[in-house]
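In what follows, a single structure is set out as structure tokens and then discussed.
The values are calculated or read from the model by the stated rules, or taken from the named source; none is laboratory data. What you see is a predicted model; the values in this text were computed from it and never measured. For neighbour counting, all protein chains shown are included, and Cβ atoms are generated from backbone atoms with ideal geometry for every residue, glycine included. To get the accessible areas, we keep the full protein, side chains included, count just its heavy atoms, and leave off ligands, DNA and RNA. Shrake-Rupley method; radii C 1.70, N 1.55, O 1.52, S 1.80 Å.
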Amino acid sequence: MADILFIKTSSLGDVIHHMPALTEARKRRPDATFAWLVEEAFAPLVRLHPAVGAVIPVAWRRWRKSLYMRATLAEIAGNLRAIRERRYDEIVDSQGLLRSAVIARVAQGRRHGYDAASIREPLAAMFYDIRHSVSRDRHAVERNRILSGLALGYTPEGAPDFGLDRARFAARGERYAVLLHATARLTKEWPEAHWIALGNALGQQGIELVLPWGTQAERARSERIAAALPRARVPERVPLDAVARLIAGAQFVVGVDTGLLHLAAALGVPLVAIFAGSKPGLTGPVGNGPITVLGTDGTAPSVETVADAAAKIAR
């Protein structure tokens, strides 16, 4: 039986965009077992995928805050030793960054990755045994599927399957929508006043609104928006597997280009995607549920346009 290691550490949207590659790899390579090396915060979500046999967490985001402290260096050394303990038949680094390529080099096995023309950090290609050419003009989901197919000996076919069953996670009996206003890049944000106007429009339909958050700044923003709305709540922060259940149970989702929006798409939840500082053709939401994409890089949609789209999917 072949042992295969996928390396896709972060961010949340990137991790979700790799899930169809894993689903397809298990289908096309039923002889194989699959491990996934991922940032520790995203490990609970990766464990939800039925094809994952083992999850190897790393903590780069935490380590880099205290990189030269003795305890951090000791933890990194121990983590690297654990990565080397097992030999893999194939290692596929679909992250394509220098740090992920270094991890691939530490691991034992035949290393696959993008060639220098196919990735953002060309030096990373030096660390792979086999380099594959995949156009950077393709959507991230397709890039991951193509690279995995080239590395494992098959050609991707059909629509992407994220391997997540909405019915398995969704709670029953509640009627609510999720508003995803938070994003790591300011250029992707939609104005706070717009969210309040949208929330008031949705509130007239008798739908409770839920505003999750990830950082304290995002929590404060969620609370300001919720305070201005008649039917809104701000949940406590929970691990990503619990967030997945919250989103799976929603009637619909409205959000900016952020990882949780892609999680909603992966679960097949009806959604309206607001783009303002990125290109939906390269990183837009992909899934089997109803998806409406509004706006593009440099041109955000109006409140009226988003409210109309949300009203249609709320019916």
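Structure data summary
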quantity: Accessible area (Å², per residue) of the chain, counting only protein heavy atoms and a probe of 1.4 Å; calculated: 45
quantity: Contour minus Cα-Cα distance for residue 227 and residue 67 (0.36 nm per residue); calculated: 53.6 nm
quantity: Length gained when the stretch residue 85-residue 288 is fully extended (0.36 nm per residue, less Cα-Cα span); calculated: 69.2 nm
quantity: Relative contact order %, segment 1-101, counting alpha carbon pairs below 8 Å whose residues are six or more apart; calculated: 38
quantity: Estimated dipole of the chain in Debye, rounded to 20 [Cβ of Lys and Arg +1, of Asp and Glu -1, Cα centre]; calculated: 560
quantity: Most mobile of 218, 189, 85 in a GNM of the chain (Cα contacts under 10 Å); calculated: 85
quantity: Cα-centred dipole magnitude for segment 123-250, charges only on beta-carbon of K, R (+1) and D, E (-1), debye, nearest 20; calculated: 160
quantity: Theoretical gain in end-to-end length, residue 311 to residue 186 [0.36 nm per residue, Cα-Cα removed]; calculated: 42.3 nm
quantity: Surface accessible to a 1.4 Å probe, residue 304 within the full protein complex, Å²; calculated: 120
quantity: Using a Förster distance of 45 Å, the FRET efficiency for residue 74-residue 175 (Cβ separation, nearest 0.05); calculated: 0.35
quantity: Between 0 and 90°, nearest 10: helix 192-203 axis offset from the chain longest Cα axis; calculated: 60
quantity: Segment 45-91: Cα Rg divided by the 2.2 N^0.38 Å rule of thumb; calculated: 1.40
quantity: Placed amide H near residue 132: partners under 5 Å, 5+ positions off or other chain; calculated: 113, 114, 115
quantity: Kirkwood-Stokes translational diffusion coefficient of segment 168-315, alpha-carbon pairs, 25 °C, 0.890 mPa s, µm²/s; calculated: 164
quantity: Most positive-pole-ward Cα, 154, 103, 118, against dipole of segment 74-162 from beta carbon charges; calculated: 103
quantity: Alpha-carbon centroids, segment 70-109 and segment 206-220: separation in whole Å; calculated: 35
quantity: Expected 222 nm ellipticity per residue - DSSP helices of 4 or more, -39500 (n - 2.57), all of the chain, to 500; calculated: -11500 deg cm²/dmol
quantity: Cα Rg over Rh - segment 2-98, Kirkwood; calculated: 0.98
quantity: Solvent-accessible area of residue 306 with every protein chain in place, 1.4 Å probe, in Å² to the nearest 10; calculated: 0
quantity: Accessible area of the chain belonging to carbon and sulfur atoms, whole % at 1.4 Å probe; calculated: 51
quantity: Tilt relative to the chain, helix 216-227 - C-alpha long axis, 0 to 90 degrees, to 10; calculated: 20
quantity: 129, 137, reordered so the largest accessible area comes first (probe 1.4 Å); calculated: 137, 129
quantity: Residue-wise HN-Hα coupling along segment 120-127, computed from phi with Karplus coefficients 6.51, -1.76, 1.60 (Hz; x: Gly, Pro); calculated: 6, 10, x, 4, 4, 4, 5, 8
quantity: Taking the convex hull of Cα positions in segment 170-257, its mean projected area over all directions (nm²); calculated: 5.4
quantity: Computed Kirkwood radius, in angstrom, where 1/r is averaged over Cα pairs of segment 212-290; calculated: 13.5
quantity: Protection proxy ranking of 70-78, 110-118 - average other beta-carbon atoms within 10 Å, highest first; calculated: 110-118, 70-78
quantity: Ranking by accessible area, most exposed first, for 241, 257 with a 1.4 Å probe; calculated: 241, 257
quantity: Per-bin percent of Cα-Cα distances, the chain [20 Å]; calculated: 32, 55, 13
quantity: Accessible-area value, residue 141, 1.4 Å probe, nucleic acids and ligands omitted, Å²; calculated: 0
